[in-house]
Amino acid sequence: MLTIEAEKAGPYNRSAWLYGTRGPCEPTGLFPSRPFRMILLGAPGSGKGTQADMLRHRLEVCPLSTGDMFRAAKDIPEEKHGPALREALAYMRRGELVPDETVVALVSERLACIRCRYGFLLDGFPRTVAQAEALEKILHAERIPLDAVIQLDMPLEEAVARLGGRRTCSICKATFHLAHKPPKVSGICDRCGGELYHREDDRPESARVRLTEYERGTAPLVSYYAKKGLLLPVAAAGPPEEVFEKTLKLLEDQIVRAAATAERSLV
């Protein structure tokens, strides 16, 4: 089973990713002897946030979520936003999709995070084949290998049911689930005490539309990484712990295959 060989490292400072600060993050412990570099794909309701958190703790991989980046933007003055972030937020305020070139520029402003010696778990990027191709060029230029693309698969109706039980904090936006991750006090956020509510997008009618659009939009990206031999489809139905163990096993097999291929290429 995959584990890190070094001492468990302390929490890392993600300010370079969240706020676009210059310079590398500052670790408070030893780096893992084998950093993992991965992408995590999963539709709303697939348990992507839970699996990302479990991977982060087990493999000491640094989570790089574009969603976290955009949420953190409100905590800093606009004049301190980088050019790409300002442009992305302007598109979002108008209700428009952020163009591929703007998203790629955002990541390019944070190359220190891609180089992180903890490795990385990208969530929310790439979303399109154009973004995936741009990421491949970045990694090639930095001589950084991509280990795997983990895709959490879940039947549509089960994902709809999961979203039906999800509740979001009106203040800090933390998420809970009535069945799988209930708050300690009904209707109240454990983190900040804010009121929990059911997002309109999570209601069954809206959720089906969101999930159908996600599947249609993600299909080319899934095909792209499958052709490169990097895609690891994981059945996401069932308890999170079981899904996590399946993910680790597939990742372990992928690492072994990659090592064998590299060894053969040297012969």
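At-a-glance table
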| read-out | value |
| --- | --- |
| FRET efficiency, 1/(1 + (r/R0)^6) with R0 22 Å, evaluated for D253 and R117 via beta carbons | 0.35 |
| Ranked list, fewest to most other Cβ atoms within 10 Å of each Cβ, for V61, V104, V209 | V209, V104, V61 |
| Q151 long-range amide H proximity, modeled H, under 5 Å | L41, L232, V234 |
| Long-range amide H partners of S65 with built H, under 5 Å | D123 |
| Length-normalised contact order for region 24-125 - Cα pairs under 8 Å, 6+ apart - percent | 52 |
| V160, V103, V256 arranged by Cβ crowding within 10 Å, fewest neighbours leading | V256, V160, V103 |
| F36, F70 arranged by Cβ crowding within 10 Å, fewest neighbours leading | F70, F36 |
| Estimated inter-spin distance, R56 and M92, nm [label 7 Å along Cα→Cβ] | 1.7 |
| Whole-Å semi-axes of the ellipsoid equivalent to region 122-267 (Cα gyration tensor, √5λ, descending) | 35, 18, 16 |
| Length released on extending from E79 to E142, taking residue separation times 0.36 nm less the Cα-Cα span | 19.7 nm |
| Under-5 Å amide H pairs with F36, H placed in peptide plane, nonlocal only | F120 |
| From phi via Karplus (6.51, -1.76, 1.60), per-residue ³J(HN,Hα) for region 31-45 in Hz, x at Gly/Pro | 6, x, 6, 10, x, 9, 10, 9, 10, 10, 10, x, 6, x, x |
| For region 52-69, 3J(HN,Hα) per residue [Karplus equation, 6.51 cos²θ - 1.76 cosθ + 1.60, θ = phi - 60°, Hz, x = Gly/Pro] | 4, 5, 5, 5, 4, 6, 6, 9, 6, 8, 7, x, 10, 9, 5, x, 4, 4 |
| Which listed pairs, of K173/K246; K137/K227; K137/K228; K184/K249; K48/K249, have C-alpha distances above 21 Å, in listed order | K173/K246; K184/K249 |
| From phi via Karplus (6.51, -1.76, 1.60), per-residue ³J(HN,Hα) for region 79-96 in Hz, x at Gly/Pro | 5, 9, 6, x, x, 5, 5, 4, 5, 4, 5, 5, 4, 5, 5, 7, x, 9 |
| Within the chain, helix-based [θ] at 222 nm, where runs of 4 or more DSSP H residues each add -39,500 (n - 2.57), nearest 500 | -14000 deg cm²/dmol |
| The chain - Rg (one decimal) and Dmax (whole number), Cα, Å | 18.7, 62 |
| Taking the chain and dividing mean pair separation by its residue count, relative contact order in percent (alpha carbons under 8 Å, at least six apart) | 22 |
| Spatial separation of Cα centroids for region 218-267 and region 147-184, in angstrom | 23 |
| Computed Kirkwood radius, in angstrom, where 1/r is averaged over Cα pairs of region 215-254 | 11.3 |
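Here, each number is a calculation from the coordinates, and none is a lab measurement. Remember, it's a predicted structure, so these values are computed and weren't measured experimentally. No Cβ is skipped: glycine too gets one built from the backbone with ideal geometry, and neighbour counts run over all protein chains shown.
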